[in-house]
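K.L.:
Attaching a single structure in structure tokens format; questions to follow.
The values are calculated or read from the model by the stated rules, or taken from the named source; none is laboratory data. Predicted model, so just to flag it, every value in this text is computed and none were measured. Here the Cβ is made from the backbone with ideal geometry for all residues, glycine too, and neighbour counts use every protein chain on show. Ligands, DNA and RNA are stripped out before the accessible areas are found, and what is left, the full protein with its side chains, is counted by its heavy atoms. Shrake-Rupley method; radii C 1.70, N 1.55, O 1.52, S 1.80 Å.
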Amino acid sequence: MFLPAYLKKRGSAEGLPRRAPLAARKSCTGGVGIGEERARRCAYRQEHGRVKKHRWKYFDFRVYVYLLGCGEGAMDAQKQIRENTQELHDFLRGLQDWEKEVKNKDNELKTKSQDQVKELRPVREKKRAQAQAAPSVNAAKHTYDYFRDKWDKFDVDAALREVDEENEQEKVASKSKENDYAAKGTPQTFSNEAVQPDFEKGSLPDAVTEKELGNELFKEKKYVQAIECYSRSIGLHPTAVAYANRAMALLKIRRYEDAEMDCSEAIALDDRYTKAYARRGTARRERDKLLGAVEDFEFALRLEPHNKDLQKQYEEAKALYEKKNAYRPPEDKVTLQVQRSSIKAVNGAESMKKTSSQTSNGKQPVKDEAAMQASTIRAAATAMNAVTQHMVAPKTSYEFETLWRGFGDDVGTKARLLKLMDPNSLPKVFRDALSATLMVDIIRTLDTMVNEDTVLVAQVLDNLTKVGRFSMTIMCLSHNDKSVIQKLWEKLPAPVEDLEKWEALRKKYRV
Amino acid sequence: MADARNAPQILQHVSKTLTCTIYDTLWVPSSARFVLLGSSARSTGTIQVYELQGNDVNKLDEVDKQFSFKCGTFGASDLVNRQLATGDFKGNLQIWDLERLGYPVYHCKAHETIINAIDGVGGSGLGFGAPEIVTGSRDGRVCVWDPRQKDEPVSSFEPERADAARDCWTVAFGNSYNDEERCVAAGYDNGDIKLFDLRTGSVRWQTTVRNGVCGVEFDRKDVKMNKLVATTLEATFHVYDMRTHHPENGYSSLTEKVSHGTTIWGVKHLPQNRDIFAVLGGDGSVSIYKYSYPDQRSMKDVDGKSYGVLGQVHLLSSKVLSTQPIGAFGWSPDKEGLAVLGSFDQCLRVGIVTKLSKS
């Protein structure tokens with residue numbers, strides 16, 4: 001293996017290029033001549049009886065590397081060392097740069113004003129100061145502590161006394177249970193003396209007994225103590241009934257928020273428990289959460305539809321809610337003047353009534369709706385009357401049609417409209433939007449007018465032909481319609497002059 | 001002796017012998033300064049502010065106060081007013097402005113006896129929620145304070161019975177990932193580790209380990225809790241996976257024994273990499289460990305409930321820097337690998353750890 005020169009033992013010439021003879025190489029022997037060296041060695045041997053053990057003069061990292069890297073790894077180790085030192089140098093240089101940078105930043109921050117500090121969240125709400133929890137779950141690791149304390153406190157005389165009264169077991173057991181309660185979320189205010197359940201037959205406290213005791217106290221109106229008993233029961237075994245009972249007791253002492261929470265717990269345990277819903281409804285009502293109250297009572301009613309009390313409470317809650325939201329059902333009815341089409345309106349109202357009674361859902365009174373419908377019809381009728389009083393010649397086919405349809409079967413008014421209109425304006429009014437039905441209707445109306453206003457009728461007929469797509473419309477007429485037109489033409493007396501024109505016109509109508 | 005391994009090297013950059021006992025050393029955020037809290041020879045408290053300058057440290061300021069200081073934190077202060085919260089041997093909680101160390105900005109009698117540990121969160125603009133300081137004391141109480149509320153803690157977790165109280169040796173904030181959530185982990189001298197939830201004001205989880213817990217820290221305060229490292233007497237530390245909670249068994253853990261066999265005085269996670277932490281040994285050594293995650297962080301047991309799976313922890317590097325235990329250690333939050341250490345041989349050291357970004 002190649003060894004660098006400095007790692008070789010002093011004096012060894014292995015692998016080295018041929019150098020000056022031994023006698024001349026003072027450097028090899030540390031500055032002492034070879035003869036001198038030999039002499040020293042002899043002297044030493046004579047003195048100590050052995051050859052001087054060679055010491056490594058330099059024990060440094062290079063040797064370490066040599067020891068470490070006997071094999072190809074020596075190069076890697078060297079490389080690693082060099083890398084490490086390089087990294088250290090880099091780090092230190094980086095440190096200097098960083099120092100400068102951070103000092104600048106520091107100075108900037110010092111001069112920064114207070115307003116630029118970010119806004120802070122509000123102080124945390126005070127939670128109920130929780131006791132450190134009861135001894136840890138793992139009994140093996142922790143009970144030594146707990147029992148040791150108990151043992152210290154054990155009073156022998158008292159115990160003897162208690163054995164006589166046969167109450168010792170129960171008292172100890174209940175005390176141990178109480179310590180667990182602090183960690184569970186029980187209401188804050190306890191009465192000054194904790195109520196101990198009295199046991200007659202030496203039974204251990206359990207959830208059911210506690211609950212029953214709570215019920216007893218509730219009946220005696222000792223609500224706070226009842227709450228305590230219920231809390232103990234819940235601590236031992238949480239049930240929906242216990243929560244609901246505690247909620248009831250809380251309601252009695254007007255702690256509505258806690259009552260609502262307890263009811264919610266009860267519902268979480270048993271979502272079909274009617275009483276819990278009813279009590280939560282009451283709690284919510286007292287807290288002015290009326291919508292929630294109505295919902296709860298509704299749900300409770302669904303569970304027990306025949307419960308009269310629930311119904312009453314539900315109605316009350318609903319009344320309160322509605323009153324609060326100032327909901328007023330429509331009381332005033334709009335009365336309108338009915339003049340001509342009153343009969344029609346009434347008929348309409350009656351028909352409306354029939355339909356509304358068929359579709360009513362029982363919520364709204366049927367009469368109201370029908371009355372409303374009747375009133376609208378009456379209003380429409382009045383409007384129509386107004387229009388007929390003051391008729392204006394329509395300028396567009398749309399206007400004409402609306403008016404025409406508005407008149408319904410009132411032929412006289414229609415005739416009046418036609419008289420009002422200038423026949424020469426007809427093509428402009430209709431352009432090419434004269435439907436077959438409308439045309440036939442016009443002709444029917446003309447039919448009635450033919451005796452009085454023959455000239456007008458003729459002019460209208462003439463102008464009608466000038467309306468766009470007239471020939472198409474004529475071709476599309478049904479047999480009945482054609483007979484109507486024919487009747488009209490037969491009624492029309494032929495004029496004395498312009499007979500040809502008349503004939504041509506008639507031909508256009510294809511009759 | 002040069003190190004030929006491809007591992008982080010722990011080196012002593014500056015060493016300074018002082019005449020006071022050093023109880024805590026902290027970097028002032030966003031600066032090259034650090035604060036030293038301790039007790040002078042006359043049993044009075046001392047706050048000293050140093051600045052790193054090249055290969056040396058300069059003492060910028062020094063004040064003497066009535067009672068010795070035990071611990072401090074910058075956690076609850078913002079970057080503009082970098083205010084130091086301290087706890088002392090008589091149970092006083094004080095907040096100091098480093099520019100005006102004559103009078104505390106806030107002062108209250110937090111506990112009756114020595115405040116063993118303090119931690120702060122919420123101030124520096126990174127996290128969420130209100131700024132809060134938690135103190136743990138020998139009377140077994142863990143109290144959470146808000147600097148804006150005088151004289152009364154915001155939350156307090158007290159032992160049920162005063163005679164059953166165990167000394168609280170260490171506290172740490174964690175799980176502060178939004179404005180409401182926050183947890184406090186507390187370690188006691190009988191090996192209890194309790195996790196208090198500040199949102200509900202209750203004990204969220206607790207466990208007991210074999211020896212007293214000297215140091216406890218979450219890997220990050222302002223994220224959903226990920227890992228918790230608890231160090232104990234007899235050279236043991238436990239890493240808990242806080243992501244998965246099993247209904248019966250709680251959080252899973254792994255236990256690691258350190259070779260020196262002495263107390264582990266504390267654990268500090270590297271601010272720049274939450275999987276690297278330094279563990280302070282009672283023989284004056286600092287050991288850097290790295291945690292590696294398993295392939296699957298949680299698995300289901302026979303009942304279908306998930307439990308956390310721990311990865312592995314391996315020792316990156318270890319170095320004995322002093323003859324006495326290193327009680328105080330602080331990573332610089334601005335420069336990766338720079339740390340300030342204080343040991344009980346009254347010696348202040350500034351240390352460098354290289355290659356942390358590569359490991």
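K.L.:
I'd like to check which helices (runs of 4 or more DSSP H) are fully inside region A:391-458 and have at least 2 residues that are open to solvent by 40 Å² or more (accessible area, probe 1.4 Å) and closer than 22 Å to A:MET472 by Cβ.
P.N.:
A:397-406, A:436-449
K.L.:
Which of the numbered conditions does B:ILE133 fail, given that it passes all the others? Conditions: (1) surrounded by fewer than 22 Cβ atoms within 10 Å (Cβ to Cβ); (2) within 14 Å of chain A (Cβ to nearest Cβ); (3) under 22 Å from B:SER39 (Cβ atoms).
P.N.:
(1)
K.L.:
Of all the strands (runs of 3 or more DSSP E) wholly in region B:1-105, which have at least 3 residues that are away from chain A (no Cβ under 13 Å), touching a residue at least 60 places away in the same chain (Cβ under 8 Å) and in contact with a strand residue (DSSP E or B) (Cβ under 8 Å, 6 or more places away or on another chain)?
P.N.:
Counting at least 3 such residues, we get B:10-17, B:21-27, B:33-39.
K.L.:
Give the residues of region B:282-308 that are of a type in the set (Gly, Ala, Ser) and touching a Gly at 6+ places or on another chain (Cβ under 9 Å), sorted by residue number.
P.N.:
Scanning region B:282-308 gives B:GLY282, B:SER287, B:SER292, B:SER298.
K.L.:
Which condition from (1) over 21 Å from B:LYS268 (Cα atoms); (2) part of a loop (DSSP other than H, G, I, E, B) is the one that B:TRP205 breaks?
P.N.:
(2)
K.L.:
In region B:339-359, is there at least one residue being in contact with a Ser or Thr (Cβ under 6 Å, 6 or more places away or on another chain), at pLDDT 90 or above, open to solvent by less than 10 Å² (accessible area, probe 1.4 Å) and within 14 Å of chain A (Cβ to nearest Cβ)?
P.N.:
There is at least one residue in region B:339-359 that is in contact with a Ser or Thr (Cβ under 6 Å, 6 or more places away or on another chain), at pLDDT 90 or above, open to solvent by less than 10 Å² (accessible area, probe 1.4 Å) and within 14 Å of chain A (Cβ to nearest Cβ).
K.L.:
To continue, here is another question. Looking at region B:162-212, which of the residues that are open to solvent by less than 30 Å² (accessible area, probe 1.4 Å) and among the aromatic types (Phe, Trp, Tyr) is farthest from the other protein chains (Cβ to nearest Cβ)?
P.N.:
B:PHE173
K.L.:
Residues in region A:469-477: is at least one more than 14 Å from A:TYR509 (Cα to Cα) and touching a Leu at 6+ places or on another chain (Cβ under 7 Å)?
P.N.:
No, region A:469-477 has no match at all.
K.L.:
Tell me which residues, restricted to region B:291-310, are among the acidic types (Asp, Glu) and either under 25 Å from the mean Cα position of the chain (by Cα) or modelled with pLDDT under 90 (or both).
P.N.:
B:ASP301, B:ASP303
K.L.:
Against the condition farther than 30 Å from B:ALA41 by Cβ, within 14 Å of chain A (Cβ to nearest Cβ), more than 18 Å from the chain's Cα centre (by Cα) and β-branched (Val, Ile, Thr), how does B:VAL313 come out, does it pass?
P.N.:
No, not satisfied.
K.L.:
Working only within region A:250-270, note down all residues that are over 12 Å from A:ASP296 (Cβ atoms) and not aliphatic (A, V, I, L, M).
P.N.:
If the condition is that a residue be over 12 Å from A:ASP296 (Cβ atoms) and not aliphatic (A, V, I, L, M), then A:LYS252, A:ARG254, A:ARG255, A:TYR256, A:GLU257, A:ASP258, A:ASP262, A:GLU265, A:ASP270 are the ones that fit.
K.L.:
Being at pLDDT 60 or above and more than 30 Å from A:ILE253 (Cα to Cα) narrows it down to one of A:ALA293, A:ALA379, so name that one.
P.N.:
Sole residue among the options that is at pLDDT 60 or above and more than 30 Å from A:ILE253 (Cα to Cα): A:ALA379.
K.L.:
Out of everything in region B:136-155 that is surrounded by fewer than 17 Cβ atoms within 10 Å (Cβ to Cβ) and within 17 Å of B:HIS111 (Cβ to Cβ), what residue ends up being farthest from the other protein chains (Cβ to nearest Cβ)?
P.N.:
B:ASP151
K.L.:
Against the definition (within 25 Å of B:VAL144 (Cα to Cα) and open to solvent by less than 10 Å² (accessible area, probe 1.4 Å)), how does B:LEU228 come out, yes or no?
P.N.:
Answer is yes for this residue.
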